[in-house]
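Have a look at the structure below, then the notes.
The values are calculated or read from the model by the stated rules, or taken from the named source; none is laboratory data. In this text, all values refer to a predicted model and were calculated from it rather than measured experimentally. Cβ sites come from the backbone with ideal geometry, for glycine too, and all protein chains shown count toward neighbours. Calculation scope for accessible area: heavy atoms of the full protein, side chains included, ligands and nucleic acids excluded. Shrake-Rupley method; radii C 1.70, N 1.55, O 1.52, S 1.80 Å.
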Amino acid sequence: MTKGTTSFGKKHCKSHTTCRRCSKVSFHLQKKQCSSCGYPAKKMRNYNWSQKAKGRRTVGTGRMQYMKTMTRRFKNGFKEGTQAKKQSA
């Protein structure tokens, strides 16, 4: 029996399925653990030896609903409920 093309035709059982947390096809069905994010562990799986993988899911890769207004609010000292001063021409 050969090791190449003919052997690959026999692979029809799934070892991984979609993960609930990261939506990658990395959830191992027998281990019940995601190889990408580490689900169901509470902490996200990440390692320093893979800087690229860390960058793919760090702050700034999503919508940043809260964080995108932070620089402007910080610049103004986090003021809330104030009225803008009228500009004198």
Problem - Options LYS14, LYS42; residue that is in contact (Cβ under 8 Å) with a residue 12 or more places away in the chain, exposed (fewer than 11 other Cβ atoms within 10 Å of the Cβ) and of a type outside the set (Ser, Thr, Tyr) - result: LYS14
Exercise for the section: Could you check SER36 against (1) in a loop (DSSP other than H, G, I, E, B); (2) open to solvent by 50 Å² or more (accessible area, probe 1.4 Å) and say which number it fails? Expected result: (2)
Fill in the blank from the handout: Taking segment 1-11 and the residues there that are outside any loop (DSSP other than H, G, I, E, B) and open to solvent by 50 Å² or more (accessible area, probe 1.4 Å), the one that is nearest to THR58 (Cα to Cα) would be PHE8
Exercise for the section: State yes or no: is SER26 surrounded by 10 or more Cβ atoms within 10 Å (Cβ to Cβ) and in contact with a His (Cβ under 8 Å, 6 or more places away or on another chain)? Expected result: yes
Problem - Some residue of segment 58-66 being β-branched (Val, Ile, Thr) and open to solvent by 100 Å² or more (accessible area, probe 1.4 Å) - result: yes
